[in-house]
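Visitor: Handing you a structure now.
The values are calculated or read from the model by the stated rules, or taken from the named source; none is laboratory data. Quantities reported herein were computed from a predicted structural model and do not represent experimental measurements. Cβ atoms come from the backbone with ideal geometry, glycine included; neighbour counts cover every protein chain shown.
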Amino acid sequence: MPSLLDLRRRIRAVKSTQQITKAMKAIAASRLRKAQDRILGARPFAQQMHRVLSGLAAQVDTSAHPLLARRALDGPERPILLVVVTADKGLCGGFNTNIIKEAGGVITNAVQRQVSLGLVGRKGRDFFGKRGFDVRFELVNIFTQLKYSHAQAIARAAIEAFTENEVDSVQLVYNEFKSVMQQRVVVDQVLPIRPLDGTADQDELLPEYLYEPGPAAIFDTLIPRHVEIQFYRALLESAAAEHAARLTAMDAASNNATDMIEDLTLYMNKVRQATITREIIEVVSGAEAL
């Protein structure tokens, strides 16, 4: 049976840990709000980019663009480039574990195909880098000050590998932010870009634009930007999902600490009561012996 002193020490230790988890929860909540604002700010730009590209696709030959070209089925099978986005830190529940598990499934399902990895985030780098995988590039410690230039760097590496025929496709694995309580693991194909239908939504009429220097030149310029935006959106979604997962995990840890403190306090009171009762019995027994 632990002594009263041991129980008091354990209660103080749990209270100290609870202060840390509550502080981390508050920080995660603050960062989550900022991350959500950035997602909302980037969404209109991405939507407008898609509308413009869809309009241009109706005026140009999209099949000739190298980023939309699909590899011939009878050609040599080249590796797949899998870009895996994890967090730089832990203490966020199953956030990193789910991503790593999904990426492992993609690698396993790529039967007789080599998979090259692009690793974003320290946790993914630490896991895959130590297991002998072919790592084409890695990018860590970016989520504290996430910038569009980070997405540009990833897009450049992916586009270069695809246009140089080093890989057949580029796929992206990341956590999509749905709500504070829900984050969804997503596997997207980035390259080759899925065909643009060249039509507007049925309920939306797009104005006709006059393009200079011409639709084809503008289309060729915007397509790489479209790839950059896909990566940037994934980074923003992953950052928000990480903060949401950490907020949920720290909230659960704080609640568990409260329950543990209550249980330890109750047990300490029982031990103290038993000690007092035993001492009273010893005093009474001593008095009767006299």
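Visitor: Taking the condition in contact with a helix residue (DSSP H, G or I) (Cβ under 7 Å, 6 or more places away or on another chain) and in contact (Cβ under 8 Å) with a residue 12 or more places away in the chain, does Lys89 pass?
Guide: no
Visitor: OK, next. Taking the options Ala155, Ala161, name whichever one is closer than 12 Å to Ala234 by Cβ and either of a type outside the set (A, V, I, L, M) or surrounded by 14 or more Cβ atoms within 10 Å (Cβ to Cβ) (or both).
Guide: Ala155
Visitor: Do you know which of the residues in region 211-226 that are part of a helix (DSSP H, G or I) and free of Cβ contacts under 8 Å to residues at least 12 places away in the same chain is farthest from Cys92 (Cα to Cα)?
Guide: Ala217
Visitor: Being within 25 Å of Ala245 (Cα to Cα), of a type outside the set (Ser, Thr, Tyr) and outside any loop (DSSP other than H, G, I, E, B), is that true of even one residue in region 73-81?
Guide: No, because not a single residue in region 73-81 is within 25 Å of Ala245 (Cα to Cα), of a type outside the set (Ser, Thr, Tyr) and outside any loop (DSSP other than H, G, I, E, B).
Every residue, every condition in (1) in the same structural domain as Leu117 (by TED's automatic domain parsing); (2) over 13 Å from Leu82 (Cβ atoms); (3) assigned to a strand (DSSP E or B); (4) among the aromatic types (Phe, Trp, Tyr), yes or no:
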position: Phe128; (1), (2), (3), (4): yes, no, no, yes
position: Asn141; (1), (2), (3), (4): yes, yes, no, no
position: Ser149; (1), (2), (3), (4): yes, yes, no, no
position: Gln152; (1), (2), (3), (4): yes, yes, no, no
position: Val167; (1), (2), (3), (4): yes, no, no, no
position: Val170; (1), (2), (3), (4): yes, no, yes, no
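Visitor: Looking at region 91-120 only, could you name the residues that are within 24 Å of Asp251 (Cα to Cα), in a loop (DSSP other than H, G, I, E, B) and of a type outside the set (A, V, I, L, M, F, W, C)?
Guide: Listed by number, the residues that qualify are Gly93, Gly94.
Visitor: Pick out the one residue from Ile261, Ile229 that is touching a residue at least 24 places away in the same chain (Cβ under 8 Å), assigned by TED's automatic domain parsing to the domain that holds Thr17 and within 36 Å of the chain's Cα centre (by Cα).
Guide: Ile261
Visitor: Residues Val14, Val83: which one is touching a helix residue (DSSP H, G or I) at 6+ places or on another chain (Cβ under 7 Å) and within 30 Å of Phe219 (Cα to Cα)?
Guide: Exactly one of Val14, Val83 is touching a helix residue (DSSP H, G or I) at 6+ places or on another chain (Cβ under 7 Å) and within 30 Å of Phe219 (Cα to Cα), namely Val83.
Here is a yes/no grid of residues against (1) in contact with a Cys (Cβ under 8 Å, 6 or more places away or on another chain); (2) crowded, with 17+ Cβ neighbours inside 10 Å; (3) under 16 Å from Val190 (Cβ atoms); (4) among the charged types (D, E, K, R):
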residue: Gly104; (1), (2), (3), (4): no, no, no, no
residue: Thr108; (1), (2), (3), (4): no, no, no, no
residue: Gln112; (1), (2), (3), (4): no, no, no, no
residue: Leu117; (1), (2), (3), (4): no, yes, yes, no
residue: Gly124; (1), (2), (3), (4): no, yes, no, no
residue: Arg131; (1), (2), (3), (4): no, no, no, yes
residue: Leu139; (1), (2), (3), (4): no, yes, yes, no
residue: Thr144; (1), (2), (3), (4): no, no, no, no
residue: His150; (1), (2), (3), (4): no, yes, yes, no
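Visitor: Filter region 96-134 down to residues that are aliphatic (A, V, I, L, M) and in contact (Cβ under 8 Å) with a residue 60 or more places away in the chain and give me whichever is nearest to Pro79 (Cα to Cα).
Guide: Val106
Visitor: Only one of these is closer than 22 Å to Val227 by Cβ and charged (D, E, K, R): Asp126, Asp168. Name it.
Guide: Residue meeting the stated conditions: Asp168.
Visitor: Going by the structure shown, is Ala274 within 30 Å of Ala23 (Cβ to Cβ) and in the same structural domain as Thr17 (by TED's automatic domain parsing)?
Guide: no
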